[in-house]
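Below is one structure, written out as structure tokens; comments come after it.
Readers should treat all values here as calculations from the given coordinates under stated rules, not as data from a laboratory. Keep in mind that this is a model prediction, so the values were computed, not measured. Virtual Cβ from ideal backbone geometry, glycine too; neighbours counted across all protein chains shown.
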Amino acid sequence: MRGTSASVERLFSSAKYVMTERRNRMTPVLFEAMTFLKTNSAYWDSRLVVAKAIKTCRA
């Protein structure tokens, strides 16, 4: 159980930087996406995310 509690603590620690006072109207879906991207930042490139977002918006 200890291994899981450390990973949950890390997740909450990184989530506090996503859900700030200025972002208090963020939808749960956007919060989840931003937290996922922040937590897994070593596995993606911001240019790819922006390109995919632009492609999705144009579709």
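General remarks:
- Note on LYS16: lysines with a C-alpha under 28 Å away, same-chain residues under 8 apart excluded, are LYS38, LYS52.
- Based on every Cα atom in segment 2-58, Rg and the maximum pairwise Cα distance Dmax equal 13.4, 45 Å.
- Applying both filters, DSSP loop and at most 12 other Cβ atoms within 10 Å, to the chymotrypsin sites (Phe, Trp or Tyr not before Pro) of the chain gives TRP44.
- Mean ellipticity per residue at 222 nm, deg cm²/dmol - from DSSP H runs of n ≥ 4 across the chain, formula -39500 (n - 2.57): -23000 deg cm²/dmol
- Unit charges on C-beta of K, R, D, E only; dipole of segment 2-58, Debye: 200
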